[in-house]
Amino acid sequence: MSKLRGFEIAKGWEDKGINLPQRSTKFAAGYDFELAEDTVVPSFKPGVKPTLLKTGIKAYMQDDEMLCLYNRSSNPKKKGLVLANSVGIIDKDYYGNEDNDGHIMFAVWNFKDEDIELKKGERIGQGIFQKYFLADNDETEGERTGGFGSTSK
């Protein structure tokens, strides 16, 4: 069977009891991601950097696909968590990159007045595979040279 799209455990996380993302219902679009380790997300203050929530997961997909990372609808109200980048985009060439093997992380801010303690296994976000299209005359030749945030370097 050839691999079309899916999830694997990222290097370094193989023996940590990581669960692959799953859909919760038959017609759900998103695959639920779980937190790979206990994490404290500090309360937001000016100058605070987003907290990266580790999943221990990497994703593979077709050349014309991406994985979009979205917040869970309950996170802002229940936990005060919002995605720092609104929507995370995982490109095909992020998979297996030399920096972090394509390890998917959710960048979040906590807008509650107190720090939030999250436990390993809590659902933290969801991913949806989507196709994308190229513009006429697109002749991009660049290649990824790193992991998280590397395409802007």
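Checking Ile124 against (1) touching a residue at least 12 places away in the same chain (Cβ under 8 Å); (2) part of a loop (DSSP other than H, G, I, E, B), which test does it fail? Looking at each condition in turn, Ile124 falls short on (2).
Put simply, of Asp101, Asp93 the only residue that is within 24 Å of Leu134 (Cβ to Cβ) and among the charged types (D, E, K, R) is Asp93.
Which one of these is out of contact with any helix residue (DSSP H, G or I) (no Cβ under 6 Å at 6 or more places or on another chain) and either closer than 30 Å to Glu141 by Cβ or of a type in the set (Asp, Glu) (or both): Ser86, Ser73, Ser43, Ser24? Result of the check over Ser86, Ser73, Ser43, Ser24: Ser86. Residue pairs whose Cβ atoms lie under 6 Å apart, separated by 6 or more positions or on different chains, with the first residue in the range 44-71 and more than 15 Å from Leu20 (Cβ to Cβ) and the second among the basic types (Lys, Arg) and assigned to a strand (DSSP E or B), are Asp64/Lys131; Glu65/Lys131. One residue stands out among those in the range 37-85 that are of a type in the set (S, T, N, Q) and under 24 Å from Lys3 (Cα atoms): the one that is surrounded by the fewest Cβ atoms within 10 Å (Cβ to Cβ), which is Gln62.
No value in this document is a laboratory result; all are computed from the given coordinates. Bear in mind that the values here come from a model prediction, so they are computed numbers and not experimental data. Cβ atoms come from the backbone with ideal geometry, glycine included; neighbour counts cover every protein chain shown.
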